[in-house]
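First comes the structure, then the notes that go with it.
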Amino acid sequence: MNPCELTTGVTALANVLASGLSDDELGMTAALFTQLGDTLATIAVQRSICGPSKTIGRSCVVKELFAGNDTLKVRGEEDG
């Protein structure tokens, strides 16, 4: 599927969903899908930083946080 077909399909899906929802339901649905997209993007970035072998529930240390030498310890990371 090329990018134009993808965006056309997403637009068509949005129009179908919107046609059956009230304004309040539409707003809530939009917020839900926004959060879903943001969370998926966060997971994708975490995977790219931590490496492909890391999965949800495991932790990693992000080196050179903000172009410095500090490290960010993710909850669950053991000292050592």
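No lab work stands behind these numbers, since they all come straight from the coordinates. As the structure is a prediction and not an experimental result, all values here were calculated from the model.
Applying the Karplus parametrisation 6.51 cos²θ - 1.76 cosθ + 1.60 with θ = phi - 60° to the phi angles of the range 3-11, what ³J(HN,Hα) value in whole Hz is obtained for each residue in order, glycine and proline being reported as x?
x, 5, 5, 4, 5, 5, x, 5, 5
Quick one: what are the phi-derived ³J(HN,Hα) couplings along the range 33-41, Karplus 6.51/-1.76/1.60 with θ = phi - 60°, whole Hz, x for glycine and proline?
So the Karplus estimates, Gly and Pro as x, are 5, 5, 5, 4, x, 5, 5, 4, 5 Hz.
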